[in-house]
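To start, the structure itself, in structure tokens.
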Amino acid sequence: MSSVTTPSETATSKRPQLAHLRAVLDDLRERGTYFKLRVLDDEQGPLCHYDGREVINLASNNYLGLCDHPKLREAAIAATNKYGVGSGAVRTIAGTMKIHIELEEKIAAFKGVEACVVFQSGFTANAGTVSSILGKEDFILSDELNHASIIDGARLSRAKIKVFRHKDVAHCEELLKEVQNEPGRKLVITDGVFSMDGDIGPVAALCDLCDKYGAIMMVDDAHASGVLGRNGRGSVDHFHCTQRVDVQVGTLSKAIGCLGGYVCGSRDLIDFLYHRARPFLFSTSHPPSVAASCMAAFDLLESEPERMERLWSNTKYFQEALRAVGFDIGGVSTPKSETPITPIIIGDGRKTMDYSRALFEKGVMATGIAFPTVAEGKARIRCIMTSEHTRAQIDQALETMTNVAKGMGLV
């Protein structure tokens with residue numbers, strides 16, 4: 001008789017080695033912040049189906065509705081037919097295809113810089129760049145609300161990390177003064193748009209500091225790409241700082257509608273990252289279909305500016321209606337949103353997650369976000385408006401959000 005363990009027996013075995021993970025999960029359940037992944041059944045759009053339920057989608061990063069755009073589909077299919085489904089290697093060995101170079105050249109031209117390198121994700125673009133261009137003798141000055149990928153990259157670099165208060169340029173200067181005579185390079189980093197509150201980073205003012213103190217200036221424009229600047233060129237363009245920002249990071253996974261991240265800057269910076277950025281060196285390059293879709297998306301940013309116009313019109317309408325009802329969408333103890341990212345601040349993690357679940361049951365997909373993604377006491381529903389939401393959908397979502405909130409005593 002065979003002694004092989006069946007899959008069901010393996011799944012139900014009680015090995016003690018990872019028991020501490022169950023304790024953490026039990027604590028999340030106790031706090032009411034444990035969640036299960038919701039599964040999208042069809043296309044990512046303003047109205048779609050999660051877990052078999054039709055919902056108005058207020059949780060997607062698909063700002064301009066490009067995830068399912070016909071031109072991106074056509075580009076992906078054509079590239080697959082021509083080049084196949086995979087690149088077969090990392091970029092530095094045998095996996096750099098002509099289409100990858102074309103994409104990087106298109107992004108560099110769009111951004112108005114010398115060169116660009118594409119990474120597998122925005123997270124790896126941030127983490128791989130920060131960790132490779134600095135060392136243990138250097139200093140990083142980082143906004144306290146910067147994205148986790150910046151924080152991880154800073155730690156991996158082994159540089160000395162100084163954190164300045166959110167958007168507090170004066171505090172950043174204090175820290176620069178403290179280290180200006182220390183050996184090593186100084187790097188100032190900010191998000192262009194902060195992902196949890198939707199406010200815009202003080203890019204121009206920080207550029208002034210970097211010019212004054214000889215520091216490197218870096219901006220993560222993930223949530224600004226396709227949202228701010230001329231035809232969606234981002235916060236750097238919005239502040240007219242293209243020639244003053246040394247490192248621009250962007251994403252291909254949000255407004256661009258596809259997958260990946262990129263870094264823009266000087267030719268020397270990009271050539272250096274080719275040689276030293278570990279995520280670039282040790283990850284297989286994008287499938288040709290993804291590269292082709294991304295190029296089609298950048299073409300659409302130029303040819304269909306009305307998408308950004310609709311995005312901002314919808315955002316203004318949505319935010320004004322939320323304020324009129326009495327929702328806290330920032331501006332007192334929390335930064336005020338200046339972009340399509342709209343947080344509804346509830347504070348308590350359990351109440352936030354309960355509200356999110358209740359909204360889903362009523363046909364609105366609006367994700368609850370609690371500690372550790374945001375600070376304790378700052379739990380919120382993060383809503384993101386898109387260009388493709390209709391006024392009827394927005395009105396229906398607002399009515400549902402208001403009725404559910406009143407029933408729970410949240411407004």
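The values are calculated or read from the model by the stated rules, or taken from the named source; none is laboratory data. Remember, it's a predicted structure, so these values are computed and weren't measured experimentally. As a convention, Cβ positions derive from the backbone with ideal geometry for all residues, glycine included, and neighbour counts pool all protein chains shown. Ligands, DNA and RNA are excluded from the accessible area calculation, which covers all protein heavy atoms including side chains. Shrake-Rupley method; radii C 1.70, N 1.55, O 1.52, S 1.80 Å.
Taking the criterion of being part of a loop (DSSP other than H, G, I, E, B), open to solvent by 80 Å² or more (accessible area, probe 1.4 Å) and either at pLDDT 95 or above or closer than 25 Å to G347 by Cβ (or both), the residues of the range 1-50 that qualify are F35, K36, L37, R38, V39, D41, E43.
For the range 280-294, which residues satisfy the criterion of being buried (at least 21 other Cβ atoms within 10 Å of the Cβ), touching a helix residue (DSSP H, G or I) at 6+ places or on another chain (Cβ under 7 Å) and assigned to a helix (DSSP H, G or I)? Across the range 280-294, the qualifying residues are F280, P288, S289, A291, A292, S293, C294.
Kindly indicate the residue of the range 53-67 that is outside any loop (DSSP other than H, G, I, E, B) and open to solvent by 10 Å² or more (accessible area, probe 1.4 Å) and also nearest to T315 (Cα to Cα) among those meeting that condition.
Selected residue: E54.
For the range 80-137, the set of residues classified as more than 22 Å from S293 (Cβ to Cβ), touching a helix residue (DSSP H, G or I) at 6+ places or on another chain (Cβ under 8 Å) and aliphatic (A, V, I, L, M) consists of A127, V130, I133, L134, listed by residue number. As a summary of the residue check, S142 satisfies the conditions (1) surrounded by fewer than 23 Cβ atoms within 10 Å (Cβ to Cβ); (2) out of contact with any Lys or Arg (no Cβ under 7 Å at 6 or more places or on another chain); (3) of a type outside the set (A, V, I, L, M) except for the one numbered (1). Scan the range 347-354 and tell me whether some residue there is within 13 Å of D197 (Cα to Cα), free of Cβ contacts under 8 Å to residues at least 60 places away in the same chain and out of contact with any helix residue (DSSP H, G or I) (no Cβ under 6 Å at 6 or more places or on another chain). Scanning the range 347-354, I find no residue that is within 13 Å of D197 (Cα to Cα), free of Cβ contacts under 8 Å to residues at least 60 places away in the same chain and out of contact with any helix residue (DSSP H, G or I) (no Cβ under 6 Å at 6 or more places or on another chain), so the answer is no.
Being in contact with a Gly (Cβ under 9 Å, 6 or more places away or on another chain), under 20 Å from D27 (Cα atoms) and surrounded by 18 or more Cβ atoms within 10 Å (Cβ to Cβ) is a property that G349 has. When the criteria are applied in full, S333 meets the requirement of being more than 18 Å from K36 (Cα to Cα), free of Cβ contacts under 8 Å to residues at least 60 places away in the same chain and not aliphatic (A, V, I, L, M).
Could you list all residues from the range 205-249 that are closer than 13 Å to A125 by Cβ, in contact with a helix residue (DSSP H, G or I) (Cβ under 7 Å, 6 or more places away or on another chain) and in contact (Cβ under 8 Å) with a residue 40 or more places away in the chain? Once the filter is applied, which keeps residues that are closer than 13 Å to A125 by Cβ, in contact with a helix residue (DSSP H, G or I) (Cβ under 7 Å, 6 or more places away or on another chain) and in contact (Cβ under 8 Å) with a residue 40 or more places away in the chain, the range 205-249 yields D220, A222, V247, Q248, V249.
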